[in-house]
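*Asks:* Before I ask anything, let me first share the structure, which is written out below as structure tokens.
The values are calculated or read from the model by the stated rules, or taken from the named source; none is laboratory data. Remember, predicted model here, so these are calculated numbers, not experimental data. Here the Cβ positions follow ideal geometry from the backbone for every residue, glycine too, while neighbour counts run over all protein chains shown.
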Ligand SMILES: [Zn+2]
């Protein structure tokens, strides 16, 4: 086997372990997981069929590096709900900064700042503060923080805006 072929094989055989059953996940495409959803049909996912848990891969990753841990139905629901509150929060921060700086603000930077804020309140290292890495308990905790402390921030942003 050529060195390149060897590297290709070794890169393909790097499945993440399913956190629910401790068995290696299987690489599939969206066509297998989401019947009828053309927009994700060509994308790759690591899937554990018995646990119905999966995770997407980084675009253009030759090793199909997963974007986080595998998530089962309950975790996927919690992640969606987390995004429902967290995204509102960081986008409000972005709008506020844009207003202050006259349109010069970076959405991605604001998202990072929001994650730093969240990490502080969750008492975890910023390196591990990413929804893709959260387990169910962390996801619920993060959502709660965004709902309570985050809403206080939103209120503050709002009253600031009203003063102008
Ligand atoms: Zn599993």
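*Asks:* Any residue that is touching a residue at least 60 places away in the same chain (Cβ under 8 Å), under 23 Å from residue 23 (Cα atoms) and in a loop (DSSP other than H, G, I, E, B) - is there at least one of those in segment 108-131?
*Replies:* yes
*Asks:* Among the residues of segment 45-81, how many are more than 16 Å from the chain's Cα centre (by Cα) and assigned to a strand (DSSP E or B)?
*Replies:* 2
*Asks:* When you go through (1) in a helix (DSSP H, G or I); (2) within 29 Å of residue 153 (Cβ to Cβ) one by one for residue 31, which number turns out not to apply?
*Replies:* Result: residue 31 fails condition (2) only.
Here's the yes/no breakdown for (1) within 19 Å of residue 132 (Cα to Cα); (2) modelled with pLDDT under 95:
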{"position": "15", "(1), (2)": "yes, yes"}
{"position": "22", "(1), (2)": "yes, no"}
{"position": "25", "(1), (2)": "yes, no"}
{"position": "35", "(1), (2)": "no, yes"}
{"position": "46", "(1), (2)": "yes, no"}
{"position": "51", "(1), (2)": "yes, no"}
{"position": "62", "(1), (2)": "no, yes"}
{"position": "68", "(1), (2)": "yes, yes"}
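*Asks:* Could you tell me which numbered condition residue 84 fails, if it satisfies all but one of (1) surrounded by 13 or more Cβ atoms within 10 Å (Cβ to Cβ); (2) out of contact with any helix residue (DSSP H, G or I) (no Cβ under 7 Å at 6 or more places or on another chain); (3) part of a helix (DSSP H, G or I)?
*Replies:* Residue 84 satisfies all of (1) surrounded by 13 or more Cβ atoms within 10 Å (Cβ to Cβ); (2) out of contact with any helix residue (DSSP H, G or I) (no Cβ under 7 Å at 6 or more places or on another chain); (3) part of a helix (DSSP H, G or I) except (1).
*Asks:* Quick test of your reading of the structure: residue 129 fulfils all but one of (1) more than 19 Å from residue 95 (Cα to Cα); (2) over 15 Å from the mean Cα position of the chain (by Cα). Name the failing condition by number.
*Replies:* Exception for residue 129: condition (2).
*Asks:* Further, regarding this structure: Looking at segment 113-129, is at least one residue loosely packed, with under 14 Cβ neighbours inside 10 Å, farther than 22 Å from residue 67 by Cα and not assigned by TED's automatic domain parsing to the domain that holds residue 19?
*Replies:* Yes, because at least one residue in segment 113-129 is loosely packed, with under 14 Cβ neighbours inside 10 Å, farther than 22 Å from residue 67 by Cα and not assigned by TED's automatic domain parsing to the domain that holds residue 19.
*Asks:* Also: What residue, among those in segment 30-81 that are within 16 Å of the ligand (Cβ to nearest atom) and touching a residue at least 60 places away in the same chain (Cβ under 8 Å), is surrounded by the most Cβ atoms within 10 Å (Cβ to Cβ)?
*Replies:* Among those that are within 16 Å of the ligand (Cβ to nearest atom) and touching a residue at least 60 places away in the same chain (Cβ under 8 Å), it is 75.
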